[in-house]
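Asks: Quick one: the structure is below, questions incoming.
Every read-out reported here was derived from the displayed coordinates using simple, explicitly stated rules and does not represent laboratory data. Quick caveat: nothing in here was measured; it's all calculated off a predicted structure. With ideal geometry, Cβ positions are generated from the backbone for all residues, glycine too; neighbour counts draw on all protein chains shown.
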Amino acid sequence: MPTRILWAFFRRDFTIHTSYRLGFAIDLLGVFFSAATFYFVAKMVGPSAMPLLKNYGGDYFAFVLIGIAFSTYQNVGLNSFAQSLRQEQFINTLEPLLLTPVTLPQFLLGSSLWDFLYATAQVGFYLALGMVVFGLRLAEANVGPAGAVLVLTLIAFMGLGVLAAAFIMRFKRGNPVTWLVVTASELLGGVYFPVEILPGWLKSLSRFVPMTHALTGLRKCLLMGAGWGEVLPQLTALALFALAAWPLGLWGFSAALKRARADGSLGHY
Amino acid sequence: MDLVVSHAFKQFPSSAGPKKILKDISFRVTAGEVVCLLGPNGSGKTTLLKTIATLLSPDGGEVLLDGKSVHSDTLRTRRLLGFASSEEHSFYGRLTVWGNLRFYAQLHALSPARWKARYDELKNVLDLPAPETPFRQLSAGQKQKLLLARAVLHDPPVLILDEPSQHLDPAFLARFRTLATEEWGERRKKIVLISTHHLEDALKISDRWLVISEGRLRFDGSVSAVKRADPAFAVDSFFQKLTAPEEGGPRAD
């Protein structure tokens, strides 16, 4: 994939995003207040949560900070393509973009590249803030397997994001993919509490939510220093999600694009 | 190189059933030809141009560029074709003139050196506003010039321009006509298809007119030939006759 095209998208979005300075500052403040809120929630929960969190190091603040920080990737993966598409439709730039010799994967990846890098910066800020201000300890973190979990998480969510964009292309508003995945992740993905406390049938359902595997893998690696072998089930599950989501996403988006070209709704919003 | 539209049909869904927008449109334009596409509002001009530019797929018939369907290899088509829509706001308001055009130049794979040279050229030819001006601060006419610049940025052999003269001041309009006819048509041998509903403008741009009304091609030919045949020729009444409701209107050549 030509890097010049990806660079063009990145530079465009970087320039546009940083021109809204107040929005940038508010995003950083949002991270601070979110981390601070859960710091005090963790203080309230205190050692009572220890038995439930024994698989994750026993500290609720570390547990939840990783949950909220890395769920940023879920939001970006699911929303970035769809939001970019809708924005391009809204400002009438989708048709000019589709008149350039840019392939569908280049368009999809390029238009969300900035969002992913920005999300990475936000996650980094979450972790740095947690360590410097709130005493988060990641001394035992095993970065290699954590990176692999993260990459597979991103790939899986991006695939679902392409499918979500297909719904936006077709129906303009109303995105059942994002709604379903976000709702399921909040309840079953273990962002705020460990999935172990769920009733048996919900716990079984949580296996079908990519976030569950992503956060379990990341927490094991970052908080317990787990190695490759210990996160192999999570890596396998995420790879399977990615393998299922991408073909489905690309098929859905191509079909929606074809339909929009047929009924003249390409630039409609 | 030639552009062939062959028996093109297009319809859109509507609450009252499918609405036929293009009805069996056929014509051919060859390299170096500058052709005006005319028709009343809602006649199907933009639909036809968007179909040629691959933004819409035809429901019947085909569009061939140098013998190959424009819709079967859209990446090839987009390299060969420049399209200026009539939507003047289709740029990024937070980017400058330079930033907007550079973005599209990169998507068209222009090297940095080629882009720089191309920008300098277009800046003079199209009288572009200062490069550091944010798009949101441009006047309607300046935005129109940017639309033209984007269409010709990659120097394509085919130019499809949808109402390019709107918002342009008279001085630049005259310059644009010269650019389209002498530079792009005669000298560079491009295929140039320009839609407009300004008859006087069309007379100055091209002798070959395509007139469509209610989705049908009502006229494809030389206006001067019609003038020669009819000493009482008046462009307004000629156009009105061509675009009259189907039952009483004249047929296309």
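Asks: Please tell me the relative contact order of the range A:178-269 in percent, rounded to the nearest whole number, where contacts are Cα pairs under 8 Å and at least six residues apart.
Replies: 19 percent
Asks: Separate question: What is the count of Lys pairs in chain A whose alpha carbons sit under 18 Å apart, if the two are 8 or more places apart or on different chains?
Replies: Details: A:Lys43/A:Lys54; A:Lys54/A:Lys203; A:Lys54/A:Lys220; A:Lys172/A:Lys258.
Going through chain A pair by pair, I get 4.
Asks: Please list 3J(HN,Hα) in residue order for the range B:33-43, calculated via the Karplus relation 6.51 cos²θ - 1.76 cosθ + 1.60 where θ = phi - 60°; whole Hz, with x for glycine and proline.
Replies: Computed from phi, the couplings for the range B:33-43 are 8, 10, 10, 9, 10, 10, x, x, 4, x, 7 Hz.
Asks: Any idea how far the Cα center of the range A:210-269 sits from the one of the range B:140-166, in Å?
Replies: Taking the Cα centre of the range B:140-166 as reference, the centre of the range A:210-269 is 40 Å away.
Asks: Using the crude model of +1 on Lys and Arg Cβ and -1 on Asp and Glu Cβ, and no other charge, please compute the dipole size for the range A:2-263 relative to its Cα centre, in debye to 20. Display every interim value, and only then the final one.
Replies: Working: 18 positive and 11 negative charges, 79 e Å.
That gives the range A:2-263 a dipole magnitude of about 380 debye.
Asks: To continue, here is another question. Can you grab the distance from the C-alpha centre of the range B:74-124 to the C-alpha centre of the range A:1-45, Å, no decimals?
Replies: 29 Å
Asks: Here's another thing I want to ask about it. Looking only at other chains, what is the average number of their beta-carbon atoms within 10 angstrom of each beta-carbon in B:54-64?
Replies: Averaged over the peptide's residues, the number is 3.
Asks: With an 8 Å cut-off on Cα pairs and a minimum separation of 6 or more residues, tell me the relative contact order of the range B:134-241 in percent.
Replies: Details: 88 pairs, mean separation 20.8, N = 108.
It comes to 19 percent, rounded to a whole number.
Asks: Go through the range A:146-151 residue by residue and turn each phi into a ³J(HN,Hα) via Karplus (6.51, -1.76, 1.60, θ = phi - 60°); whole Hz please, and just put x for glycine and proline.
Replies: 4, x, 5, 4, 5, 4
Asks: Here is a follow-up. Report, by chain and number, residues whose modeled amide H sits under 5 Å from the one on B:Thr96, excluding near sequence neighbours (fewer than 5 apart, same chain).
Replies: B:Phe135
Asks: Also, I was wondering about something else. Excluding residues fewer than 8 places away in the same chain, name every one of the lysines whose C-alpha is closer than 16 Å to that of B:Lys19.
Replies: Hits, sequence-local ones excluded: B:Lys10, B:Lys45.
Asks: Enumerate the calculated ³J(HN,Hα) couplings along the range B:158-175 in order (Karplus 6.51 cos²θ - 1.76 cosθ + 1.60, θ = phi - 60°), each rounded to whole Hz, writing x wherever the residue is Gly or Pro.
Replies: Using θ = phi - 60°, the values come out as 10, 10, 10, 10, 9, 6, x, 8, 5, 6, 7, 6, x, 5, 6, 4, 5, 5 Hz.
Asks: Under the definition of Cα pairs under 8 Å and six or more residues apart, what whole-number percent is the relative contact order of chain A?
Replies: 26 percent
Asks: Search the structure for amide H atoms under 5 Å from the amide H of B:Phe219, placed 1.01 Å from N in the peptide plane, and list their residues when 5 or more places away or on another chain.
Replies: Result for B:Phe219 returns B:Val211, B:Asp253.
Asks: Got a sec? Charge dipole of the protein assembly as shown, +1 on Cβ for Lys and Arg, -1 for Asp and Glu; which of A:Val102, A:Leu138, A:Leu243 is way out at the positive end?
Replies: Result: A:Leu138.
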